[in-house]
Structure formats: C-alpha cells, structure tokens
Amino acid sequence: MQLRHVSTNLRQGLRRNMSMHAAVILTLFVSLTLAGIGVMLNRQASLTTDVIGNELKVSVYLCVPDDPDHPQCTTEVTAAQEAAIVDTIENNPEVASWEEISKEEGLDNFIKLGLVTQAQTEGPDALLTADYVPKELRITLKNPNQYQGVASAVQDLDGVRNIVLAKDLVGNVFTIINVIKYSAWGAAAVLLLAAVMLVANTIRLTALARRKEIEIMRLVGASRIFIVLPFLLEAVFNAFVGVLLAAGALAALTKFGIIDTLDASYDALPFIGWSDYLYTLVVIGVAGPLLTVIPTLLLTRKYLRF
Amino acid sequence: MIRFEKATVSYPGPGKPALNQVSIDVEKGEFVFLVGTSGSGKSTALRLVLRELRPTSGRVYVAGKEINRLATWKVPRLRRQIGTVFQDFRLLPGKTVAENVAFALQVTGHSSREIKATVPQTLELVGLSDKAGRLPDELSGGEQQRVAIARAMVNEPMILIADEPTGNLDPTTSVDIMKLLDRINATGTTVLMATHDNGIVDQMRKRVVELDHGVVVRDEATGVYGFQH
C-alpha cells in the first residue's frame, strides 16, 4: 500500500473539513475528560472504601454524670457496668478488635477538632474538663457492613451513653462522590453522543466532497480498505488528539486539584494519585478511538455503497 | 469473456424490467457496440458487467466469473480486469494528466517504481506523452477522453467498457478516439461500447447488439447503427 498516497489523503482530508474535525476533537476532549473524571471518582470511592470502610469503626461512649441529653445516664459509668460492656464487645463475633479512648484523650480530640480551646479546659472556671468527657470504647468490625449486631447488643446496656457509627460520618463523602461521578458520566454520555453524531456528519461531508474520487477508486478496483482507510485515519487522528487533550486536562486535575490541593489539605481522607491517573488514561485511550472508529466503519459502509 | 444467460434486471417498483431475458456472448478480443435508444437497457448491461448490479434472474459471467456468486470482497479484483470510460471523462480536476493515470495504480496497491515505469508507456499509447504535466482543464475534450482511456488501460485490463465515450466530442475527435479504441482492441482487449453515435457504428463495421426496452432485438456480426433494409 502506498504510504505517501495515504498520508497525502489524510492531510487533504483534515484540511478539507478542518472546522468539522476541530468540532469532533473538542467534543471528544470535553466528553473524554468528563468520562475520565467519572472514572477517577470511581477510583476515589473505591480507595475511600478500602481505607476508611475496611476500618469502619463503632464508637461506644460511656455515661458521664449530669448529662441532660442522655437521661439514662444519672451517674458516671461504674466499673461493673464497664466490665459488662467490654465483655459483650469481646464476645461479639462481629468484632475484630477494640480499644479504649480515655477521657483525657477524648478531651484532646475535642481540642484538636476545635470544639473547645486549651484555655477553656484549664483552671477553676474551665468550660469542659476531662471528667465530663465520656470514655470511648472504639470497636473495629470484621466486616464494615455488619455493625447492627454489635450496636444492638451494646446500646441497651447500663452505662452506655450513645453509639456513633463512623459510617454515618463518611457517608456524606460517598454521597458527594456519587453525585459528582454520575453527573460527570451523564454529561459525558450526552457529549459522546454528540461526538458520534459529529463523526457521522464529517464522514457524510467528506464522502460528498470526495465522491468523484471514490467512484473512480471503486471502478478501477481499489479494495474496500483502501477506500475506507483515509476515513479511518482521520477518525484515529481525531481520537488521538481528543485523548491527548483529555489526558492533559486530567493530568492537570490530578496534579493541581488532587495531589497539591486536596491531598495536601485533608489528612482525614486518602486521595487517588498518579497510578489512578494512568488507569484512567488507559480507559479513555481505548474508549476514544473506539468511539470514532466504530461509527466510521459503520457509516462508510452506508455512505460509500460498496 | 462476457456472457449473459437470460439475464433479467428489475428495479424496485412497478414497470417493465430494465433488462429482460438478455443473452449475449462476447468472445475474448471482440469489439461489440451496444446500441439502442435511451432507456433501452445499455447502461444496465454495462453495470452488470462491472458488478455494480446483480441480475434479478439469469446469469452473467465476466472473465470466467459468475457475478451473481462473486463475494463482495472479490469484486475489486474483478474490476481490475475491466477498464471503464465514460462520456463525461470523470477525471480528477486537481491532478495532472500523469497523476490521474497514476491514481488507478496507486489505489490498487502498485509500487512507486511500477507507477513510474507504467504511466509514461500508457500516455504514449494514447498519444499524450507531451501533456503529462497538464491539468484536465488545460486539455481539449478529446485529450481528456484520451486521459480517461489511459487511466482505464493502465492496469492492462482484459475488458474495456465504454459508455458513450464520444458523446461529448465533435465528429473528428470522435473518429480519433475510435481509432484509439480499435488499436486497443487489436492488442487483444475485449471492448464493449454503448453508443448513440450512428456514424461511428456505421464506419467501424463491428458487431452490433441492439437493445430495445431491455430486450435484444438484433445481434449482427458486422452491423450498422440502424436496421439495414
């Protein structure tokens, strides 16, 4: 096959329909970027589940005196009550391990979270002292989704103030991730449909512009692949540039948005990195060419009438 | 070389078939005029030979292949054995004479070396060696038709199909084109030419097959355009 003939055809084809090719490339760029964001968010959700979800905690807070929000607590939890609670936790088959967070450690956590200042916990007029901070028994479950058994076994025991599921705290993170992910995928699907329609239009226009040439090619016995090849190469070229632009945008998002901003600012959550970016690159690198080559193969058959 | 066996072509919709039970046998190296009024079925017959159409019933053989049974992927190979010339020349306006001729070789996968060797020879055959670098716009009608013939012949086909090749040319130029086709025929190429040009047909005294409403009404070994009374 004549490489020079093929490359000349490709150059001419791209020049002839420059604005249409630009439209295809830009639409592919935006749609593949959105699809890539969806893929990355999916990876983020998996990562969050892996790190936080697998260590899903159940915090059992024990009674403190003078606690109007929890009327079942009239006095500080007794040693016997605490022993009974610990015994229940240790004998529960859903529990992998547990640890005690002392009143002092709890107070430190309040300070770290900014609920009180160090000064407010000191001196005779202290707003909050360790005495009034509930002791916490932090349980790690074997299966993060099976928390009901231990929660129901513990919550009615004497000396239990309240139970907090970490799932309730991180649940919002997953909700936000899912909303953005599905929005991105929805927008990507619409734009990808637009890209496919633009590819169809470009093929129709090119077939029209080259009808004389194509007719001669058919008459002199050019094979189908030879006639379709310029269309296929144009499709691959458009996909290549679209993927390249999307890869650049996603790299910028990974570097400046995730690594430099989110990962640097929030220690509480794990964030995806370059390996997830490479995975996303493979996904859009395969999807981009397929989205242009498959319609090209189908539509050239329609418009070129072999 | 070309054989129609009771070939019938019906287009969708009501009306008579474009070709009706047509049987023609064209031997290797023959020169055959296909004559008849517009709508008589000449172009349909040529399209059958090119396998642009398949017969609704009956059989058509071209270069030993039954076109009804020919797989789509084998059609290009069949067409490489057939050269085609049209009334409107169908040259590519942006390409020079040599490039137009080379195009037929390029798109059928010939190497640059083959193209460089073959194109000048073919241009010499049609008498256009000195105009290889010209664009089609810069040529007369007769010269443009010569380029089209060169393009049709550059693959050295066994059959040359000509659909009204003199239809756009003046009588003198038409005679020149016919002489060229006759020369090509003399080298062993089978020529099947559809035409309205009675002067040419009468002068050449070749085999004439006349179609009327899709039916062969006359097949004479050395005929003229109209019936001889």
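The values are calculated or read from the model by the stated rules, or taken from the named source; none is laboratory data. Note that the coordinates shown come from a computational prediction; the quantities given were computed from them, not determined experimentally. Here Cβ is always computed from backbone atoms with ideal geometry, including for glycine, and neighbour counts include all displayed protein chains.
Here is a check on your reading of the model: is residue B:44 more than 14 Å from chain A (Cβ to nearest Cβ), hydroxyl-bearing (Ser, Thr, Tyr) and either in contact with a strand residue (DSSP E or B) (Cβ under 9 Å, 6 or more places away or on another chain) or assigned to a helix (DSSP H, G or I) (or both)?
Criteria met by residue B:44.
Would you please name the residue that is surrounded by the fewest Cβ atoms within 10 Å (Cβ to Cβ), looking only at residues in segment A:202-227 that are facing another protein chain (nearest Cβ under 7 Å) and outside any helix (DSSP H, G or I)?
For segment A:202-227, the residue satisfying everything is A:223.
If you check every pair at least six apart or on different chains, which have Cβ atoms under 8 Å apart with a residue in segment B:92-104 that is farther than 13 Å from residue A:214 by Cα and of a type in the set (D, E, K, R) first and a residue that is modelled with pLDDT of 90 or more and assigned to a loop (DSSP other than H, G, I, E, B) second?
Correct list of pairs: B:95/B:135; B:99/B:92.
So, in segment B:110-165, of the ones that are of a type in the set (A, V, I, L, M) and away from chain A (no Cβ under 14 Å), which residue ends up farthest from residue B:40 (Cα to Cα)?
Across segment B:110-165, the extreme among qualifying residues is B:117.
Output the residue which, of all residues in segment A:1-41 that are within 12 Å of chain B (Cβ to nearest Cβ) and not in a helix (DSSP H, G or I), is surrounded by the most Cβ atoms within 10 Å (Cβ to Cβ).
So, considering only residues that are within 12 Å of chain B (Cβ to nearest Cβ) and not in a helix (DSSP H, G or I), the one surrounded by the most Cβ atoms within 10 Å (Cβ to Cβ) is A:2.
Working only within segment B:55-99, note down all residues that are within 8 Å of chain A (Cβ to nearest Cβ), touching a strand residue (DSSP E or B) at 6+ places or on another chain (Cβ under 7 Å) and part of a helix (DSSP H, G or I).
B:78
Among the residues of segment A:136-146, is there at least one that is in contact (Cβ under 8 Å) with a residue 12 or more places away in the chain and over 28 Å from residue A:270 (Cα atoms)?
There is no residue in segment A:136-146 that is in contact (Cβ under 8 Å) with a residue 12 or more places away in the chain and over 28 Å from residue A:270 (Cα atoms).
Out of the helices (runs of 4 or more DSSP H) lying entirely within segment A:62-167, which hold 1 or more residues that are touching a Leu at 6+ places or on another chain (Cβ under 6 Å)?
A:79-90
Given (1) over 30 Å from residue B:90 (Cβ atoms); (2) assigned to a helix (DSSP H, G or I); (3) modelled with pLDDT under 85; (4) not acidic (Asp, Glu), identify the lone condition not met by residue A:193.
Of everything listed in (1) over 30 Å from residue B:90 (Cβ atoms); (2) assigned to a helix (DSSP H, G or I); (3) modelled with pLDDT under 85; (4) not acidic (Asp, Glu), residue A:193 misses just condition (3).
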